[in-house]
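The values are calculated or read from the model by the stated rules, or taken from the named source; none is laboratory data. All values reported here derive from a predicted model rather than from experimental measurement. Cβ sites come from the backbone with ideal geometry, for glycine too, and all protein chains shown count toward neighbours.
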Amino acid sequence: MKKQLLLAAVAVAAAAGAAHANNIQSYSVMANYGPDTPTDSQLLTFDKFDGTLGTLLSVKIKVSLAISGGFLALDNDGADPASGTAELGAVTTINGVGVPVIDNAFNNILGSGLVASNMQGFVLAGNDGDPVNNSFDAGGPDYFEFNGLPSNNMNMGFVNSGLIGAYNDADGIAGGLDTYGIDVTYTQVFDYQQLGGVAFSGLPVTVEGTVMIEYTYKAIPAPAAAGLLGLGALVAGRRRR
């Protein structure tokens with residue numbers, strides 16, 4: 001009998017250890033934005049944390065941004081040569097609608113924004129005979145053309161630990177989750193240093209990406225584990241007798 005009690009105690013200890021090891025769990029919800037051209041915004045909708053699973057411990061937000069296409073052309077109408085760096089891209093920012101998207105330092109999780117862009121240097125000769133007054137004439141040594149290339153970027157961060165309560169489902173009923181919004185805004189990066197006498201033409205890039213919310217939580221013990229823990233208490237009581 002002692003041997004059986006010992007085996008039962010070992011089983012309970014092992015089950016309790018496994019339950020403890022698996023007590024911290026996580027799941028993610030994700031939404032896509034785009035494809036679209038800057039400047040624009042989209043409101044993405046997410047389910048709040050399902051409180052029937054356990055206690056919410058942290059909320060991580062991960063944002064990705066990908067760009068493609070875009071076009072920039074420059075024509076120097078000035079008498080003097082001009083040079084610089086052209087940049088095509090986009091910057092994405094997020095704001096919470098009903099929830100905070102700030103970190104423990106009380107900054108927006110994306111800071112001033114998530115940037116994806118590509119750059120190329122240029123050298124323009126002085127006007128080669130084109131009409132002046134900011135007219136646009138393709139071709140010649142005073143002309144530069146830049147076709148955008150695909151580029152991507154990603155950033156993530158944790159929501160301020162003291163504010164994650166806003167992500168909890170209010171009613172705590174599985175299958176009836178409340179929702180909140182993440183407003184994603186993307187603006188174009190279209191830069192060539194605005195050189196005097198240089199006329200430009202172009203198209204913005206196309207943007208798309210994802211916003212992922214990861215909930216980490218302390219799970220409610222499964223009924224089987226709770227039963228084993230109760231058995232452990234019973235075993236301990238019998239051993240004391």
Handout entry: Residue in the stretch 84-93 that is surrounded by fewer than 21 Cβ atoms within 10 Å (Cβ to Cβ) and farther than 23 Å from Met154 by Cα present
Key = yes
Problem - Extreme residue, surrounded by the most Cβ atoms within 10 Å (Cβ to Cβ), among residues of the stretch 32-77 that are part of a strand (DSSP E or B) and either among the acidic types (Asp, Glu) or free of Cβ contacts under 8 Å to residues at least 40 places away in the same chain (or both) - result: Asp75
Exercise for the section: Could you give me the residue pairs with C-beta distances under 9 Å whose first residue belongs to the stretch 187-204 and is modelled with pLDDT of 90 or more and aromatic (Phe, Trp, Tyr), whose second residue is in a loop (DSSP other than H, G, I, E, B) and buried (at least 18 other Cβ atoms within 10 Å of the Cβ) wherever it lies, and which are 6+ apart or on separate chains? Expected result: Phe190/Pro38; Phe190/Gly70; Phe190/Pro204; Phe190/Val205
Fill in the blank from the handout: Residue set Asn134, Asn127, Asn108; condition at pLDDT 95 or above and of a type outside the set (Ser, Thr, Tyr); output residue Asn108
Handout entry: Residue in the stretch 1-18 that is farther than 30 Å from Pro204 by Cα, exposed (fewer than 15 other Cβ atoms within 10 Å of the Cβ) and at pLDDT 95 or above present
Key = no
Exercise for the section: Go through the stretch 51-76 residue by residue and tally those that are over 18 Å from Ile182 (Cβ atoms) and touching a strand residue (DSSP E or B) at 6+ places or on another chain (Cβ under 9 Å). Expected result: 15
Problem - Any hit, the stretch 72-89, residues being at pLDDT 95 or above and either farther than 30 Å from Gly197 by Cβ or under 17 Å from the mean Cα position of the chain (by Cα) (or both) - result: no
Exercise for the section: Considering only residues that are under 25 Å from the mean Cα position of the chain (by Cα) and of a type in the set (Ser, Thr, Tyr), look in the stretch 188-211 and name the one that is nearest to Val91 (Cα to Cα). Expected result: Thr206
